[in-house]
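Undergrad: To start, I am sharing the structure in question, which I have written as structure tokens.
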Amino acid sequence: MQSNFATGIEFVNLDMEVKVQIPFNELVAIVRQLSPTQKAKLQKELTQAVKPAIKKSRLTELLLNGPVFTDEQIHTIEETRKSINQWRTEPL
């Protein structure tokens, strides 16, 4: 819900879904009434592979849009790891 503090008006985003049951023969009759252009568009739409909608979680969004290391920072981390590993393996 969005609100405009200056006017005090709240805007609500309402997604509406309507399901209609149409007998198959009526659906065929409706399709037959379409223009050739509309039929071609419908055919194209029906033959396209349906890709499942991937819902990204807030964590996924955060990780994908979050900060990343620069090449210089990665190099520094690698050098530090090498130094720590060398220090651990060398006898005193």
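Undergrad: In segment 27-58, what count of residues is obtained for those that are of a type in the set (D, E, K, R) and surrounded by 10 or more Cβ atoms within 10 Å (Cβ to Cβ)? Lay out the reasoning, then the answer.
TA: Quick first cut of segment 27-58, residues of a type in the set (D, E, K, R) only: 32, 39, 41, 44-45, 51, 55-56, 58.
Retained after the next criterion (residues that are surrounded by 10 or more Cβ atoms within 10 Å (Cβ to Cβ)): 39, 41, 56.
Here the count works out to 3.
Undergrad: Another question about this same structure. Restricting attention to segment 59-80, which residues are among the hydrophobic types (A, V, I, L, M, F, W, C) and either surrounded by fewer than 10 Cβ atoms within 10 Å (Cβ to Cβ) or not in a loop (DSSP other than H, G, I, E, B) (or both)?
TA: LEU59, LEU62, LEU63, LEU64, VAL68, ILE74, ILE77
Undergrad: Another question, if that's okay. Can you pull out the residues in segment 46-77 that are hydrophobic (A, V, I, L, M, F, W, C), under 13 Å from the mean Cα position of the chain (by Cα) and closer than 30 Å to VAL31 by Cβ?
TA: If we filter segment 46-77 for residues that are hydrophobic (A, V, I, L, M, F, W, C), which is where we start, we get 46, 49-50, 53-54, 59, 62-64, 68-69, 74, 77.
Add one more test, that the residue is under 13 Å from the mean Cα position of the chain (by Cα), and what stays is 53-54, 59, 62, 64.
Matches in segment 46-77: ALA53 only.
Undergrad: Taking only pairs six or more apart or across chains, which ones have beta-carbon atoms under 8 Å, a first residue in segment 12-32 that is at pLDDT 90 or above, and a second residue that is not in a helix (DSSP H, G or I)?
TA: If the second residue must be not in a helix (DSSP H, G or I), the pairs left are ILE30/ILE22.
Undergrad: Against the definition (outside any strand (DSSP E or B) and modelled with pLDDT of 90 or more), how does THR7 come out, yes or no? Can you show your working first?
TA: Details: outside any strand (DSSP E or B): yes; modelled with pLDDT of 90 or more: no.
Against the criterion (outside any strand (DSSP E or B) and modelled with pLDDT of 90 or more), THR7 does not qualify.
The values are calculated or read from the model by the stated rules, or taken from the named source; none is laboratory data. Note that the structure is predicted; figures quoted are calculated from it, not measured. Ideal geometry is used to build each Cβ from the backbone, glycine not excepted, and the neighbour counts take in all protein chains shown.
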